[in-house]
Amino acid sequence: MGIKINKDLCTGCQSCLSVCNYGGITIINNVAAITDECTLCGACVEACPVGAIEIEMEEIATEGVDVSQYRGVWIIGEHYNNKIQNVVYQMVGKGRELADKLQVNLTVVLLGSKLEEELKELSQYGVDEIIYVKSPILKDYCTELYVNILTDLINKHKPEIVLIGATPIGRDFAPRISKRLNTGLTADCTGLDIDTKTRNLLLQTRPTWGGRIMATIRTPHSRPQMSTVRPGMFKIPEKIEKQPQIKKIEMDINEKDIITKIVKIIKKEKKQINLEDAEIIVAGGRGVGSKENWKIIEELAKKLNAEVAGSRVAVELGWIDQDRQVGQTGKSVAPKLYIACGISGAIQHRVGIQCSDIIVAINKDPNAAIFEMAHYGIVGDLHKVVPALIEELKRLKSEEELKK
Ligand SMILES: Cc1cc2nc3c(=O)[nH]c(=O)nc-3n(C[C@H](O)[C@H](O)[C@H](O)COP(=O)(O)OP(=O)(O)OC[C@H]3O[C@@H](n4cnc5c(N)ncnc54)[C@H](O)[C@@H]3O)c2cc1C
C-alpha cells in the first residue's frame, strides 16, 4: 500500500498539509510530496480538492482460507419474549445494501420456538432468505446452544459476512463463535461498507482510543468477516413487496445435553423506555445550567410523552444518569423527534443522533454546531423557549379537551 501524487493534477494549494498531523506530506517545487513520516491515514486524500492524491491498495493475499468458498451476508436475529429486536431490522437495512454491492443473498438466521408471527413481519423488509431453527428449548437465549448451532450453520453454509447486534446477548455469543471459526470479529461497529478495490472486503468502522478516532478494520485473511453492530446506528428500512425463502429446521435438542440451564429470568424493574427505542427524546446539555433547571427538560419531555436524555457534560455534572447519555460513548438513538436543549453539537454527540428523523435545536449561540444538522433551529435562551413550549403544549391540550 502506498500514496501516489498525480503531479499533473496537484496545484500546490497546501490543503493536504493542514490536515496531516504527522508531517507526512510536504510541498516541493509547488507539488505535494510524501515524506517518511507518512502513516497512510488517508486524511490528505480526502482533503485534496482536485483528487491529486490517491492511496494505492495492494491485492491482499489471503492465507489459509479459500475465500471464494464463502458467499452471502448473514444477520443473526436476536429476539426477546418472541419479539425480534429493533437492531435486527436496522442490520437488515445495512445488510441489504452490503449484499446488493456484493450481488449476493441477504439471510437472517433465527433460533427460537414461537416466531411464526415475527417471521411474517420480518419477511416484509427485503430479506432474500430466513433460516429458522426451531425447538421449544430455543424459547430463551442460551449461550451454549447459540454458539453450537450457529457455528455449525456457518461452517455448513459459509457466509462471507456475519452481522450480530452489539447487545449484551450478541456480545456474549459473537466472540465465542469467532474463536471457534478462527476468524476475526470487529466489535461495536458504527459503520459498514464494502471495499470493492480490495476483493470486496467488508470495511468495519468503530470508534477507538476512547472514541478519539474512528478506525476502519478489514479482515482479509479469514472468513466469515464478523461484526457486532451498535444498536441505533442504521435506519430500519421501508417495507417492500418481496417474499423471502424460509428454511425451517426443526431441531431435536435434548435438555440433558446442555451444560448450562436457565433456572429463572428476573426482569430488571424499568420505569423508562430504552433510549434506542424512544420515539421522542428531549435532551439537555450544559446550557441547562443546573440540576434545578433540569426540571424544565423533564417537564417538556412529560408533556410530549418523551424520554429524557443528556450530553456527556450533563451526565458528568450529575444532572442525569449515565445510561441516558447520547453520543459516541453513550447511546445511538433514532427517534422521530430529537429536541436538543443547550447542547453545542460536538461531533461525539452528533454521531449518536444522526439517525433521528427530525432534530430541533434550542441554543442561544447562532453559530452552535448543532444547527448544522438540526432540521429546525431556535436561537434563544432555553430558559425562555422551553417554558414557552410547555405553555403552548398545555394550551393545545386544554383546547383538545374542550372539543371532546
Ligand atoms: C472520547 C470522547 C467521547 C465523547 N463522547 C461523548 C458522548 O457520547 N456524548 C456527548 O454528548 N459528548 C461526548 N463527548 C464530549 C463532547 O466532546 C462535548 O464536550 C459535549 O458533547 C459537550 O456537551 P454540551 O453540548 O452539553 O456542552 P457545551 O459544549 O459546553 O455546550 C453547551 C451549549 O449550551 C448553549 N447554551 C448555554 N446556555 C444556554 C441557554 N441559556 N440557552 C440555550 N443555549 C445555551 C451554549 O451556547 C453551548 O452551545 C466526548 C468527548 C470525547 C473526547
Kindly evaluate Pro231 against the criterion of being more than 16 Å from the ligand (Cβ to nearest atom) and within 19 Å of Trp74 (Cα to Cα).
no
Determine whether Arg180 is at pLDDT 95 or above, farther than 19 Å from His79 by Cα and surrounded by fewer than 17 Cβ atoms within 10 Å (Cβ to Cβ).
yes
Within segment 360-384, residues being within 12 Å of the ligand (Cβ to nearest atom) and either polar (S, T, N, Q) or without any contact (Cβ under 8 Å) to a residue 24 or more places away in the chain (or both) number 11
Residues of segment 103-124 satisfying the condition of being in a helix (DSSP H, G or I) and surrounded by 18 or more Cβ atoms within 10 Å (Cβ to Cβ):
Glu118, Leu119, Leu122
Count, please, the residues in segment 26-50 that happen to be without any contact (Cβ under 8 Å) to a residue 24 or more places away in the chain, over 17 Å from Met214 (Cα atoms) and β-branched (Val, Ile, Thr).
4
Can you confirm whether Lys291 is within 16 Å of the ligand (Cβ to nearest atom), over 17 Å from the mean Cα position of the chain (by Cα) and among the basic types (Lys, Arg)?
yes
Of the conditions (1) part of a loop (DSSP other than H, G, I, E, B); (2) within 19 Å of the chain's Cα centre (by Cα); (3) not polar (S, T, N, Q), Arg71 satisfies every one except a single condition; which number is it?
(2)
Looking at Tyr141, is it part of a helix (DSSP H, G or I) and hydroxyl-bearing (Ser, Thr, Tyr)?
no
I'd like the residue in segment 184-208 that is outside any strand (DSSP E or B) and in contact (Cβ under 8 Å) with a residue 60 or more places away in the chain and, out of all such residues, is farthest from Arg71 (Cα to Cα).
Thr190
Give segment 1-23 a look and list any residue that's assigned to a loop (DSSP other than H, G, I, E, B) and within 14 Å of Glu54 (Cα to Cα), or say none.
Met1, Asn6, Lys7, Asp8, Leu9, Cys10
Matching residues in segment 321-359 - criterion: being within 18 Å of Val87 (Cβ to Cβ), aliphatic (A, V, I, L, M) and near the ligand (Cβ under 7 Å from one of its atoms):
Val326
How about segment 265-296: which of its residues are in a loop (DSSP other than H, G, I, E, B), acidic (Asp, Glu) and touching a residue at least 24 places away in the same chain (Cβ under 8 Å)?
Glu279
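The values are calculated or read from the model by the stated rules, or taken from the named source; none is laboratory data. From a predicted model like this one, the values you see are computed outputs, not experimental measurements. Every residue, glycine among them, receives a Cβ derived from its backbone with ideal geometry; neighbour counts consider all protein chains shown.
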